[in-house]
Amino acid sequence: MRSRVFPFAIVAILWAMPAKSQTHPALIPMPQKIEWTAHTLDCARYSVEAPPEAEFAVSELHRILGAAGAQRLAGVAQRRADGAKIVLRLGAVTGASLVGAGEAYSLVIGAKEVTLTAPKPAGLLYGVETLRQLLVRKGGHPAFVGCRIADWPAFAWRGFMHDVGRNYQDMPLLKKFVDVMAQYKMNVFHFHLTDNPGYRVECRVHPELNAPASYLVSRDPGKYYTYADINDFIAYCRQRGVMVVPEIDIPGHSDYFKRAFGVDMQDEKGAGIVEDVLNEFMDHVDTPFLHIGSDEVRVRNPQFMDHIADMVRKRGRQVLAWHPGNPPSGRIVTQMWSYGPGLDALPGMPVVDSRNDYINHVDPFNAPARILNLATGGQPEGDEIAWGGILCHWPDINAGTPMNIYRQSPVFPALLAATENYWHGHMPQHPEYWARLPLTTDPEYARFAEFEARLLEHRDRFFADWPFPYVRQTNIPWKLIGIFDHKGDVNSVLPPEREIRASYAVDGKTYEWTDAVGATIAVNHWQYDGWLPKTRQGTAYALTYVWAPRAETVGFWIGFNGPSRSSRRNQPNPNQGEWSTTGSKVLINDREMPPPVWKQPGAVANSSETPFADEDYFYRPPTAVALQRGWNKILIKAPKGERTWNWTFTCVPVQVAGDRVREVEGLRFSTNPQRK
């Protein structure tokens with residue numbers, strides 16, 4: 001028996017660019033039109049021609065090629081046309097949609113020259129970011145893979161929201177994140193600046209808002225952004241084609257206001273303070289849009305929201321507000337965040353869609369499939385009403401450290417799926433896949449598996465410095481059976497634990513195995529359809545087999561009923577000696593696997609202010625599993641109690657080094673190993 005050791009530090013450079021022997025480089029988002037050609041263009045030595053408006057795009061191109069070891073030619077060498085010639089020019093792109101024409105680009109990589117054309121500088125930058133992904137290594141030299149691309153976005157708004165009101169992030173970290181947004185052609189940064197824990201903006205007219213006593217003591221009291229910080233950030237984003245939409249959430253989500261002034265925003269005194277604060281903000285921060293929140297609060301003063309919206313409009317800003325919420329009258333942009341009766345778009349009002357579920361709610365293996373099976377705005381592409389989408393991240397609980405904001409939620413797997421949705425568009429509306437994968441016999445399975453392959457290549461090439469909790473899951477089949485009535489006893493031993501048979505007869509009912517696939521299996525999802533019918537309680541079992549080429553110890557991500565990072569909803573943390581509070585078990589070759597030694601077992605006091613430690617599988621060390629040579633049986637017992645919010649289990653081999661994850665090579669799965 002031996003354990004695997006994974007020398008990531010040695011091979012990290014080799015993962016930076018794919019070798020030309022592989023198939024075409026993975027592109028995310030997929031261009032609207034692409035034709036691959038047979039050649040590559042060696043760019044070990046290169047020159048650039050570009051108009052002045054392309055200054056930033058050219059600087060990015062130099063940075064990308066410089067990091068790959070290419071030499072920039074200038075002077076005599078450039079005039080001799082020695083090396084690859086890269087031409088950026090402003091011009092029209094034929095065939096682009098009405099919505100996408102302004103951000104379109106065309107890219108032709110020939111045998112000796114690259115020609116990148118766009119009507120505006122933003123399109124030139126998008127083309128450069130596509131060149132980044134087309135960069136490979138051939139014969140030891142950097143080279144571009146030959147192709148012809150015509151590309152444009154399906155939706156005008158392609159955004160991401162960070163909640164810094166609850167969990168503060170410093171500007172260098174936010175800028176680093178914006179670099180990733182720009183790399184993937186996302187163009188709206190929704191800056192949720194205020195929430196119950198604190199007001200994160202400088203305020204000179206009412207400095208009480210910045211006093212440490214106005215913040216929750218556990219949430220970085222006194223930390224906020226100066227106007228200079230915000231304007232510098234806006235300029236940084238603008239240079240990268242990203243528009244900042246600041247949000248000052250009123251009148252709800254504003255406990256800090258009561259701590260500072262002892263009154264509610266809707267009181268006469270409070271309303272005057274709100275006017276002062278917003279006017280000062282608009283005096284110092286110039287953005288075309290201002291988001292004023294309006295959700296999850298009872299508006300006692302019916303004129304309050306209308307008055308605030310009118311004031312914002314008079315200052316030359318367009319108003320955004322949440323829907324459902326308490327949107328003001330008049331023209332606004334509605335940001336939709338929930339499905340349900342009466343939650344249709346407001347007639348005639350532009351819509352930004354944030355209904356693809358919040359990243360803090362979803363499991364890492366569920367997030368991409370859900371996003372890729374949701375039509376943004378209910379449409380294949382945008383128009384004057386459907387502006388696009390914003391992917392939201394609300395880690396309400398104290399994150400503990402800024403990097404936990406990224407480490408304890410699947411930020412980047414979700415972001416890559418979102419940019420595929422928002423840019424490429426034409427996503428199907430498949431609610432049946434919002435909490436599960438398609439079966440291998442479903443045509444939608446091939447679509448997701450193709451995207452997953454691109455996702456994994458990007459994980460390896462471009463996310464060495466970020467947590468990316470995702471490994472291949474489309475190769476993991478399961479057999480599920482249930483739901484057995486455990487009669488209120490989650491620890492009851494039911495027939496599949498005693499013997500594996502094709503079917504079971506229990507209490508006059510026949511149970512048979514059904515197919516499933518994935519690393520995380522939602523038996524029931526709290527909101528959407530899972531693999532088995534919804535029920536208040538019961539026990540399900542899952543069975544698969546994994547083949548190992550040798551006897552070895554392998555790390556597995558194993559978890560049950562993962563908690564949302566917006567709260568500790570579900571049951572309390574497991575006690576020591578338990579996988580969950582509902583009697584969950586993992587049996588490998590009929591041997592029960594012991595659970596982790598929990599850092600925070602049982603009920604957690606002051607749960608909103610106590611950061612997560614190891615509650616979910618993807619931010620704790622993998623479980624060491626001893627596999628024998630050949631086929632190994634994996635049996636999962638997954639009971640549900642009445643308080644179970646998210647009835648799921650996860651079981652997948654993984655190799656982990658810090659925040660970097662990879663597949664465990666050489667393993668394969670089957671639900672019928674006798675036929676393999």
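Would you point out the residue of segment 629-662, among those that are over 29 Å from the mean Cα position of the chain (by Cα) and among the hydrophobic types (A, V, I, L, M, F, W, C), that is surrounded by the fewest Cβ atoms within 10 Å (Cβ to Cβ)? The extreme case among them is 631.
Would you confirm whether any residue within segment 241-262 is closer than 14 Å to residue 190 by Cβ, surrounded by fewer than 20 Cβ atoms within 10 Å (Cβ to Cβ) and modelled with pLDDT of 95 or more? So far as segment 241-262 goes, yes, one or more of its residues are closer than 14 Å to residue 190 by Cβ, surrounded by fewer than 20 Cβ atoms within 10 Å (Cβ to Cβ) and modelled with pLDDT of 95 or more. With the condition kept exactly as written, say whether any residue in segment 406-428 is under 16 Å from residue 520 (Cα atoms) and either at pLDDT below 95 or touching a His at 6+ places or on another chain (Cβ under 8 Å) (or both). Scanning segment 406-428 turns up at least one residue that is under 16 Å from residue 520 (Cα atoms) and either at pLDDT below 95 or touching a His at 6+ places or on another chain (Cβ under 8 Å) (or both). Of everything listed in (1) among the basic types (Lys, Arg); (2) under 21 Å from residue 282 (Cβ atoms); (3) open to solvent by 30 Å² or more (accessible area, probe 1.4 Å), the single unmet condition for residue 355 is (2). In this structure, is residue 572 touching an Asp or Glu at 6+ places or on another chain (Cβ under 7 Å), open to solvent by 20 Å² or more (accessible area, probe 1.4 Å) and not polar (S, T, N, Q)? For residue 572, the condition - touching an Asp or Glu at 6+ places or on another chain (Cβ under 7 Å), open to solvent by 20 Å² or more (accessible area, probe 1.4 Å) and not polar (S, T, N, Q) - is not met. The single condition among (1) on the phi < 0 side of the Ramachandran plot; (2) surrounded by fewer than 22 Cβ atoms within 10 Å (Cβ to Cβ); (3) free of Cβ contacts under 8 Å to residues at least 40 places away in the same chain that residue 140 does not satisfy is (1). Looking only at residues that are open to solvent by 10 Å² or more (accessible area, probe 1.4 Å) and closer than 17 Å to residue 244 by Cβ in segment 182-214, which one is farthest from the chain's Cα centre (by Cα)? Result: 202. Restricting to segment 574-632, and then to whatever is in a loop (DSSP other than H, G, I, E, B) and small (Gly, Ala, Ser), can you tell me which residue is modelled with the lowest pLDDT? Of everything passing the filter in segment 574-632, 605 is modelled with the lowest pLDDT.
Among the residues making up segment 494-506, a single one is in a loop (DSSP other than H, G, I, E, B) and touching a Ser or Thr at 6+ places or on another chain (Cβ under 7 Å): 494. Taken as a whole, the condition of being out of contact with any Asp or Glu (no Cβ under 8 Å at 6 or more places or on another chain), polar (S, T, N, Q) and open to solvent by less than 10 Å² (accessible area, probe 1.4 Å) applies to residue 419.
Please work out if residue 550 is without any contact (Cβ under 8 Å) to a residue 40 or more places away in the chain, more than 26 Å from residue 366 (Cα to Cα) and surrounded by fewer than 21 Cβ atoms within 10 Å (Cβ to Cβ).
no
The set of residues in segment 87-135 being touching a Ser or Thr at 6+ places or on another chain (Cβ under 7 Å) and hydrophobic (A, V, I, L, M, F, W, C) consists of 87, 93, 107, 108.
For segment 107-121, the tally of residues that are farther than 14 Å from residue 151 by Cα, open to solvent by 60 Å² or more (accessible area, probe 1.4 Å) and part of a strand (DSSP E or B) stands at 1.
Scanning segment 470-493 for residues that are touching a residue at least 24 places away in the same chain (Cβ under 8 Å), within 27 Å of residue 653 (Cα to Cα) and either part of a strand (DSSP E or B) or open to solvent by 20 Å² or more (accessible area, probe 1.4 Å) (or both) yields a count of 11.
The values are calculated or read from the model by the stated rules, or taken from the named source; none is laboratory data. Treat the numbers as computed from the prediction; the structure is a model and nothing was measured. All Cβ positions, even for glycine, are placed from backbone atoms using ideal geometry, and neighbour counts span all protein chains on display. Quick note on the areas: whole protein, heavy atoms, side chains included, nothing else; ligands and nucleic acids left out. Shrake-Rupley method; radii C 1.70, N 1.55, O 1.52, S 1.80 Å.
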